[in-house]
1. Can you give the Rg and Dmax of region 123-240 based on its C-alpha atoms, in angstrom?
2. Taking Cα centroids, how far is region 106-141 from region 149-210 in Å?
3. From the C-alpha gyration tensor of region 156-201, pull out the three semi-axes of the equivalent ellipsoid (sqrt of 5λ each), sorted largest to smallest, in whole Å.
4. Sort largest first and round to whole Å: the equivalent ellipsoid semi-axes of the chain, each the square root of five times a Cα gyration tensor eigenvalue.
5. Given R₀ = 30 Å, what would the calculated FRET efficiency be for residue 257 paired with residue 188, taking r from the Cβ atoms and rounding to 0.05?
6. Before anything else, pin down the relative contact order of region 25-270: Cα pairs under 8 Å, at least 6 apart, normalised by residue count, whole percent.
7. Sorted by packing (mean other beta-carbon atoms within 10 Å per residue), highest first, where do 119-129, 38-48 land?
8. Find which of 66, 170, 185 sits farthest along the positive direction of the dipole of region 25-270, computed with +1 on the beta-carbon of Lys and Arg, -1 on that of Asp and Glu, about the Cα centre.
Amino acid sequence: MNTHRDTAGDGSVLDSADATPEIPREDQTFDRTVEEGKQRISRGWLPLIITGFIGGFDVSVGILAFLLVQHYTGNPVLSGLAFATGFITLSIGHSELFTENFLVPVAAVVAKAGTFWQLGRLWTVSLVTNMAGGWLLAALMMLGLPAVRGTAVEFSTKYIDLGVTWTALALAVIGGMLMTLMTHLQKASDSEGVQLVPAVITGFILSIGHINHAVVASLMCFAGLIAGAPFGYLAWLQLLAIATAGNLIGGLALVTLFRLLQVPHKVQEARANSD
């Protein structure tokens with residue numbers, strides 16, 4: 001059997017057994033995820049509110065791009081790619097989106113680097129401020145760009161027409177799964193350029209598949225409501241409820257749980273170090 005021997009800087013020979021073993025990529029991803037989760041979950045009230053508002057603005061940029069391209073081209077592929085600009089903005093700007101918080105802060109709580117109260121606060125504040133920021137920008141869009149009002153009404157009505165059905169729930173589960181998978185893939189790399197790839201792919205799929213995503217569907221409905229859509233805010237609240245439930249199921253059960261089970265030794269190590 002061949003034994004690999006490396007030469008040190010002073011000319012001495014080192015056995016390969018003495019070399020530091022490479023840390024598995026999934027372990028690095030877990031450490032990176034927990035570290036960011038600690039930062040997110042421990043934000044003060046004002047930074048949390050502001051980042052949530054900005055998250056709503058960022059996704060609204062994608063809604064604006066979608067409506068413009070769809071109105072002028074009628075091409076779902078092009079409008080889907082245009083919508084991805086919102087997720088690009090979200091990724092580069094490091095703002096807070098409710099459905100991004102199904103992996104990173106949850107991993108921090110599992111690792112005992114945060115509490116369930118902090119997680120609940122993060123989810124609640126980010127969802128409310130995403131809605132508030134998105135409504136404000138939707139109002140500005142409909143006021144400044146009356147040409148796209150008809151498109152906003154058309155596509156927002158498609159979300160409402162899903163109703164409270166198994167189809168709506170299934171699409172919401174897929175939406176939560178896609179968003180959480182995007183988050184995991186982004187944490188697997190330090191390169192911002194590489195992190196943009198899953199953002200573009202996820203944004204495109206959400207748009208062209210008309211996936212039931214709590215924030216995206218809500219912001220589209222806000223644009224439609226302001227433009228005069230034939231439904232009210234009660235119908236939107238029903239959509240939000242089923243979208244949120246499905247997103248939670250898809251994000252937590254189909255991605256977060258399995259990603260944590262992939263590195264049980266890291267979870268045990270992190271929990272032990274926190275005691």
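The values are calculated or read from the model by the stated rules, or taken from the named source; none is laboratory data. The structure presented is a predicted model; accordingly, all values stated were derived computationally and were not measured. A quick note on method: Cβ atoms are made from the backbone with ideal geometry, for glycine too, and the neighbour counts reach across all protein chains shown. Remember, those area values only see protein heavy atoms, side chains included, never the ligands or the DNA or RNA. Shrake-Rupley method; radii C 1.70, N 1.55, O 1.52, S 1.80 Å.
1. Taking only Cα atoms of region 123-240, I get Rg and Dmax of 15.1, 46 Å.
2. 17
3. Numbers: eigenvalues 176, 25, 5 Å².
For region 156-201, the ellipsoid semi-axes come out as 30, 11, 5 Å.
4. On the way: eigenvalues 328, 83, 54 Å².
Taking √(5λ) for each eigenvalue gives 40, 20, 16 Å, largest first.
5. 0.95
6. On the way: 410 pairs, mean separation 72.2, N = 246.
Averaging sequence separation for qualifying contacts and normalising by length gives 29 percent for region 25-270.
7. Numbers: 119-129: 18.7, 38-48: 15.2.
The most tightly packed comes first, giving 119-129, 38-48.
8. 170
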